[in-house]
1. Spin-label point model (7 Å from Cα, Cβ direction): what's the residue 42 to residue 62 distance in nm?
2. Which order, highest average first, do 43-51, 31-39 follow once you tally other Cβ atoms within 10 Å for each residue and take the mean per peptide?
3. Suppose the chain between residue 30 and residue 52 were pulled fully straight at 0.36 nm per residue; how much longer would it get relative to their current alpha carbon spacing?
4. For a quick check: sort 14, 23 by the number of other beta carbons within 10 angstrom, fewest at the front.
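Since every read-out is calculated from the coordinates, none of them should be taken as a lab result. The structure displayed is predicted, hence computed values, not measured ones. FYI the Cβ positions are ideal-geometry reconstructions off the backbone, even for glycines, and counts take in every protein chain you see.
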């Protein structure tokens with residue numbers, strides 16, 4: 001299950017926080033960053049910590065997106081990265097509803 005909530009940023013962008021858990025490996029941050037860059041998504045912040053006990057990297061990434069279709073596409077790209085373990089999107093600021101097309105709001 002993927003929970004998404006929208007905050008309001010600019011005229012057509014919404015802040016979203018993504019949590020990614022993946023097996024730590026060389027190039028993991030690059031691959032996740034490339035998935036975001038390929039979809040022209042701005043990274044507002046990123047923090048990565050690896051638990052050496054199980055070799056799992058925990059990434060918290062704050063991004064700006066234009067809507068649910070863009071979020072779905074980028075989560076699919078991240079999920080397709082080698083050795084992906086888990087990813088989840090979280091809210092930054094909650095509006096009263098979730099727009100399918102943010103430009104219509």
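1. 1.2
2. Put in order of decreasing packing, that is 31-39, 43-51.
3. Details: separation 22, 0.36 × 22 = 7.92 nm, distance 1.97 nm.
Extra length available between residue 30 and residue 52 comes to 5.9 nm.
4. Arranged by neighbour count, lowest to highest, 14, 23 become 23, 14.
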